[in-house]
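The values are calculated or read from the model by the stated rules, or taken from the named source; none is laboratory data. This one's a predicted model, so the numbers in the text were calculated from it and none came from an experiment. Counting neighbours? That spans all protein chains shown, and the Cβs are built from the backbone with ideal geometry, glycine included.
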Amino acid sequence: KAGVTQTPRYLIKTRGQQVTLSCSPISGHRSVSWYQQTPGQGLQFLFEYFSETQRNKGNFPGRFSGRQFSNSRSEMNVSTLELGDSALYLCASSLEGNSNQPQHFGDGTRLSIL
Amino acid sequence: GENVEQHPSTLSVQEGDSAVIKCTYSDSASNYFPWYKQELGKRPQLIIDIRSNVGEKKDQRIAVTLNKTAKHFSLHITETQPEDSAVYFCAAPRGGADGLTFGKGTHLIIQP
């Protein structure tokens, strides 16, 4: 079974631009969560989607948004990029989206803002 | 929401010795506690998890213990090997839907 796939792996953008990242979950998994990882703040929860609905959202500004498609693939979008948005963006999928199920991570997208 | 504290931030042990990493959580309703290992430049990998209906779980050299009363859980690695060098994260559910709150991580260094 293929693991969680994230594209692209690396991305360089400039301030003010916007970016869209993609995540394909493990086949059969219906929940996708997104996290931002930085050296200073660690792993921080962005949002979670299940059956095309955002069910849970972390403490990030409205510039961060996402969506999930009927095949469970998910995208996240960041608008008006700032230097502080430079980070590794990770997505994780789980089977049913219950809070006591294992989450499996993708390799992440490394976003650098110049 | 859930708050997870993890200690220590760095742990250096001699190869062959044991390592213990501790975490505390704030939400008494939390019922699932995973541990992830992240090697440099790689994805976090789930190495072991425990649910609140058990107090201990083992998988070869790795074990996790849970004390619900005190709201803390610990990762124990015995007979450490060089390949155990990595950053380890504990986590707890955010509550309600899926999504995890992570500890700040422990950088485990195995000295030869």
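Miscellaneous remarks
- Residue in region A:68-81 that is at the interface with chain B (Cβ under 10 Å from one of its Cβ atoms), more than 12 Å from the chain's Cα centre (by Cα) and loosely packed, with under 14 Cβ neighbours inside 10 Å present: no
- Going through (1) touching a Ser or Thr at 6+ places or on another chain (Cβ under 8 Å); (2) at pLDDT below 95 one by one, A:ARG9 falls short only on (2).
- Residue match in region A:104-111 (condition: more than 14 Å from chain B (Cβ to nearest Cβ) and either surrounded by fewer than 21 Cβ atoms within 10 Å (Cβ to Cβ) or of a type outside the set (Gly, Ala, Ser) (or both)): yes
- Residue under evaluation A:LEU43, criteria (1) within 11 Å of chain B (Cβ to nearest Cβ); (2) of a type in the set (A, V, I, L, M, F, W, C); (3) exposed (fewer than 13 other Cβ atoms within 10 Å of the Cβ), criterion not met: (3)
- The set of residues from region B:22-62 being within 12 Å of another protein chain (Cβ to nearest Cβ), out of contact with any Pro (no Cβ under 9 Å at 6 or more places or on another chain) and in a strand (DSSP E or B) comprises B:TRP35, B:GLN45, B:ARG51.
- Residue within region A:71-90 that is touching a Leu at 6+ places or on another chain (Cβ under 8 Å) and of a type in the set (Asp, Glu) present: yes
- Failed item, numbered, when A:LEU46 is tested on (1) without any contact (Cβ under 8 Å) to a residue 24 or more places away in the chain; (2) in a strand (DSSP E or B): (1)
- Residue check for B:THR65: out of contact with any helix residue (DSSP H, G or I) (no Cβ under 6 Å at 6 or more places or on another chain), more than 14 Å from chain A (Cβ to nearest Cβ) and either within 22 Å of A:HIS104 (Cα to Cα) or in a strand (DSSP E or B) (or both): yes
- Within region B:1-21, the residues that satisfy the criterion of being in a strand (DSSP E or B) and closer than 20 Å to B:GLU83 by Cβ are B:THR10, B:LEU11, B:SER12, B:VAL13, B:GLN14, B:ALA19, B:VAL20, B:ILE21.
- Restricting region B:62-112 to residues that are crowded, with 16+ Cβ neighbours inside 10 Å, more than 14 Å from the chain's Cα centre (by Cα) and of a type outside the set (Gly, Ala, Ser), the residue that is farthest from B:PRO8 (Cα to Cα) is B:ASP98.
Quick grid of which residues meet (1) modelled with pLDDT under 95; (2) touching a strand residue (DSSP E or B) at 6+ places or on another chain (Cβ under 8 Å); (3) of a type in the set (A, V, I, L, M, F, W, C):
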{"site": "B:ARG51", "(1), (2), (3)": "yes, yes, no"}
{"site": "B:PRO82", "(1), (2), (3)": "no, yes, no"}
{"site": "B:CYS90", "(1), (2), (3)": "no, yes, yes"}
{"site": "B:ASP98", "(1), (2), (3)": "yes, yes, no"}
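- Annotation note: of A:ARG63, A:ARG55, the sole residue that is touching a residue at least 40 places away in the same chain (Cβ under 8 Å) and farther than 18 Å from B:PHE102 by Cβ is A:ARG55.
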